[in-house]
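Right, one structure below, let's go through it.
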Amino acid sequence: MVVDATGAPYEGDRALTTLYATANAPIFTHDDSFFGKEIVGGPMLSARVLSKEAGAVAVRLLGGEKPGSIRIEPVGFAKPAYDWRELQRWGISESRLPSDSEVYFRESTAWDKYRTQILIVCALVLLQSGMIFGLLYEHRRRQIAEVNLRQRMTELARANRYSIAGELAATISHELNQPLGAILTNSETLDAILQSPAPDLSELSEIVADIRRDDQRASDVIRHLRTLLSKSPPELNDIDLNDPVQETVQFFSALAVARSVDLNSSVAPMPLPVKGNRVQVQQVILNLIVNALDAMSTMPGDQRRLTVISARVDRFAEVSVSDTGPGIPLDKLREIFDPFFSTKEEGMGMGLSIARTIVEAHGGQLTAENRAGRGAMFRMRLPLAARK
């Protein structure tokens, strides 16, 4: 059985190995001792079962039983077994195998090898995706909240300007009545001169110039009032900080005279370009000046001095407003910017809080301190805009 026609011996599985090297078809066998190498598989007899049965018979013979008395059941084929590697080599589909077949030596897939790791990675990816989605959702909500907050802040700032306008109603009325009264007087004088038989033309020209000047003065007051009460858009534009400082000081010049306040201002000789909302920046300066005027209301008339200075400090444009009032109590110095905190009996306590909110929205700082001598000083600093 192990020698071919030429007499060449083939020990062990040498014959099978030689045949396998040149075979052009799958090799099947009934002996499972060759399974796992060159054999595709099939219904096979188990050498282990046969050996076990033979051993049992040998033990019985050695025990004295006669061979003719020993009866054994024939050993049948085991469940069909197939080598997955050989099925792949010969392109045999597993669907063509008997239903009770067992396939061995199947290569483990990535899922079989790394199932736990894959599940952990998938869980981490899902968790990370959930976190990213949550962050994006919160970012979107924060953007919407910031937009709403800016809108509310703008409306609140506008309400604060209305409140200031109410406080300045008497001053505004006085500022309008003066040029209007002068216009009326000049108009009556002009009418009287025109009724004369020989009107003086040069005098008429002077009267017309006075009327034009007073009209412009009234127009400026109304323009300042409209600016103060306007619903300013939230956009930031390039402005020179000196301009709102000068306009605000000019607007309060008459009120300062009416309250016996010596109002002085010093504007930086160079432009102070900042990125800001002109109306809101002017509102901050206006708030500081109104507070300073109110703070000096109990002081003697000859001791009321208010100074407004604009200057460049490092990379910032600074506006300082100082007065000679009683100053800020040391225990209240940290609270004056809190909402609803006020040292005035009828104050709402929102002016300085809104002012600081506006300044911080512009990327700046608003601070307060007591002067060395007497009075308080507020400093507004805004970052200088980059030169184009």
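At-a-glance table
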read-out: Expected-Rg normalisation [2.2 N^0.38 Å, Cα atoms] applied to region 109-150; value: 1.94
read-out: Set of aspartates and glutamates near residue 52 by C-alpha distance (under 19 Å), chain-local residues within fewer than 8 positions excluded; value: 31, 32, 65, 73
read-out: Modelled label reach - residue 92, point 7 Å along Cα→Cβ, region 1-29 residues with backbone N closer than 14 Å; value: 24-29
read-out: Top positive-direction residue, dipole computed over region 232-388 with Cβ charges, set 266, 300, 330; value: 266
read-out: Estimated distance in nm for a label pair at residue 31 and residue 260, the labels positioned 7 Å out from Cα along Cα-to-Cβ; value: 13.2
read-out: GluC sites (Glu not before Pro) within region 1-65: DSSP coil, no more than 10 neighbouring Cβ in 10 Å; value: 11
read-out: Candidate aspartates and glutamates - alpha carbon under 17 Å from residue 275, same-chain residues fewer than 8 apart omitted; value: 235, 238, 240, 243, 314, 318, 360
read-out: Gain upon complete extension [residue 189, residue 332; 0.36 nm per residue less C-alpha separation]; value: 45.8 nm
read-out: Segment residue 374-residue 102, extension gain: residue separation times 0.36 nm, minus the distance between their alpha carbons; value: 87.8 nm
read-out: Within region 232-388: Cβ-based charge dipole about Cα centre, in debye rounded to nearest 20 (Lys, Arg +1; Asp, Glu -1); value: 380
read-out: Potential lengthening between residue 205 and residue 270 on full extension [0.36 nm per residue; Cα-Cα distance subtracted]; value: 19.6 nm
read-out: Simple label model, 7 Å out from Cα along Cβ direction - residue 146 to residue 17, nm; value: 7.6
read-out: Debye, to nearest 20: dipole size of region 1-65, +1 on Lys, Arg Cβ, -1 on Asp, Glu Cβ; value: 140
read-out: Spacing of the two label points (7 Å from each Cα toward its C-beta) at residue 219 and residue 123, in nm; value: 7.8
read-out: Calculated P(r) of region 232-388 - Cα pairs past 29 Å, %; value: 14
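Each value in this text was obtained by applying a stated rule to the coordinates, not by laboratory testing. Just so it is clear, the structure is predicted and the values come from calculations on it, not from any experiment. Every residue, glycine as well, gets a Cβ built from its backbone with ideal geometry; the counts of neighbours run over all protein chains shown.
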